[in-house]
Amino acid sequence: MPRKLGIAAAQLGPVNLADSREAVVKRLVALFREAAGRGAKFIVFPELALTTFFPRYWFEDQAEVDRRFFEPSMPNPVVQPLFDLAREHGVGFYLGYAELTEEEGRTRRFNTAVLVDPDGRIVGKYRKVHLPGHADHKPQAQFQHLEKKYFEVGNRGFRVWRFLDTITGMLICNDRRWPEAFRVLTLQGAEIVALGFNTPTENLHYPEPPALRVHHHLIMAQAMAFQNATWLVETAKCGFEDGFRMFGHSLIVAPTGEIAVKSATEEDEVVFFNADIDLAANLKRTMFNYAAHRRPEHYRLIVERVGAEVTPSSD
Ligand code: CDV
């Protein structure tokens, strides 16, 4: 019997600065109900799903940032309806949010996602490792990308959880550009990788055709799923947030590298696929049988060196 799992990417359209958390959660609840109605047992919501993508703004006052955009507890009364729905429908979910926490005697801030099981319990937490952008104010730029100012690098590594009769790992947005992250997850047996994202349509650093940015998003997703023989679910928050556009193209990719389903709008939209989790079995037994074919003795530079350095060969 193949293991089938109904998976939904619950894409969010724009969340403006003035939108309340309560209003956003109402939209998430509507997406949840639609996804569950279509047979989803696992729903993936976006990165930083509860607020606008605030790293685009420079704020002087950190207390204001904490109050407006960060969650000091999870769950909390505002998001509780999602946890109640999980229990009511027997459906698990992934939710991205800005996490404010006291750890090691100090206040810490992370770009975080939690994995919630069908009993409404948090069973996994991931803190984003690859933080793009900058920490300084760039007043000349069209918009900021201040993840390096507002968040610390995640301190929990790349982990997987036994979840809904699968092995599931979590990543967040920019992580999808780094093959190392996927390989660390699939070395632990990941069968599903869930990821939420917010990707501006414009490149902050140099002019780049928006179509090319979407092209990169799609080829990365297909390559990462295939080369790691895993299902991959990537969910956008997208559209014009107070005039700043982010692209959609939420998708579910099969371990074959084929896009099973993809969103068609930049609005609230559910994409659903009834996934055969065992579809990767042949690939994992042959082409991507890690135990048989990987040669880590030749990969040492991957962990020993961070930036590229020209290293002339000696013979
Ligand atoms: N939220 C993100 O991590 N966004 C980045 C942008 C800045 C390139 C991304 O990789 O999509």
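The values are calculated or read from the model by the stated rules, or taken from the named source; none is laboratory data. The shown structure was predicted, so the numbers you read here are calculated from the model rather than taken from an experiment. Note that we place each Cβ from the backbone using ideal geometry, even for glycine, and neighbour counts take in every protein chain shown. Surface areas here come from the heavy atoms of the whole protein model, side chains and all, with no ligands, DNA or RNA. Shrake-Rupley method; radii C 1.70, N 1.55, O 1.52, S 1.80 Å.
Within region 248-291, the proportion of Cα pairs with more than 13 Å between them is 61 percent. Semi-axis lengths, largest first, of the ellipsoid equivalent to region 18-70 are 29, 11, 8 Å, with √(5λ) applied to each eigenvalue of the Cα gyration tensor.
Every helix of 4 or more DSSP H residues in the chain counts as -39500 (n - 2.57), and over all residues that averages to -7000 deg cm²/dmol at 222 nm. Mind putting together the pair-distance distribution for region 154-225? All Cα pairs, 10 Å bins, whole percent per bin, short to long. P(r) over region 154-225, rounded to whole percents: 18, 46, 26, 10, 1. Annotation for residue 27 and residue 68: the two label points, set 7 Å from Cα along the Cα-Cβ direction, are 1.7 nm apart. Accessible area ranking (1.4 Å probe, heavy atoms, ligands and nucleic acids excluded), largest first, for 178, 58, 161, 231: 178, 58, 161, 231. Given a 1.4 Å probe and the protein chains as shown, residue 119 ends up with an accessible area of around 80 Å². Expressed to the nearest 5 percent, the antiparallel share of DSSP beta bridges inside the chain is 65 percent. Beta bridges per DSSP, both residues in region 158-287: antiparallel share near 55 percent.
Heavy-atom accessible surface of residue 313, to the nearest 10 Å², is about 90 Å², with a 1.4 Å probe and all protein chains retained. For region 78-203, with all protein chains in place and a probe radius of 1.4 Å, 49% of the accessible heavy-atom surface sits on carbon or sulfur. Accessible surface calculations at 1.4 Å, restricted to protein heavy atoms, place region 48-122 at 39 Å² per residue. Of 202, 269, the order by accessible heavy-atom surface (1.4 Å probe, DNA, RNA and ligands excluded), from most exposed downward, is 202, 269.
Separation of region 32-77 and region 251-297, taken as the distance between their Cα centroids, equals 26 angstrom.
Carbon and sulfur: what percent of region 251-302's accessible surface (1.4 Å probe)? Ligands and nucleic acids excluded, carbon and sulfur reach 56 percent.
Lysine pair count for the chain (Cα-Cα distance under 14 Å; residues 8 or more apart in sequence or on different chains): 6. Compared with the direct C-alpha span, the chain from residue 256 to residue 242 gains 1.3 nm at full extension, assuming 0.36 nm per residue.
With θ taken as phi - 60° and the Karplus curve 6.51 cos²θ - 1.76 cosθ + 1.60 applied, the whole-hertz 3J(HN,Hα) list for region 202-212 is 8, 8, 5, 8, 7, x, 9, x, x, 4, 5 Hz, x standing for glycine and proline. Remark: the Cα gyration tensor places region 104-238 in the oblate category, a/c being 1.5 or greater and a/b not exceeding b/c. Max-minus-min Cα coordinates of region 22-166 on each principal axis give 47, 31, 24 Å, with the largest extent listed first. Taken along the Cα-to-beta-carbon direction at a fixed 7 Å, the label points for residue 138 and residue 309 span 2.8 nm. Residue 310 exposes around 140 Å² of accessible area when a 1.4 Å probe is run over every protein chain in place. Put simply, the Cα atoms of the chain extend 55, 54, 44 Å along their principal axes, the longest span coming first. Rolling a 1.4 angstrom probe over region 1-58 with all protein chains present gives an accessible area of which 57% lies on carbon and sulfur atoms.
Rolling a 1.4 angstrom probe over the protein heavy atoms with all chains in place gives region 183-304 an accessible area of 47 Å² per residue. At q = 0.10, 0.14, 0.19 Å⁻¹ the log10 of I(q)/I(0) for region 182-314 amounts to -0.44, -0.78, -1.09, computed by Debye summation with a single uniform scatterer per C-alpha, solvent ignored.
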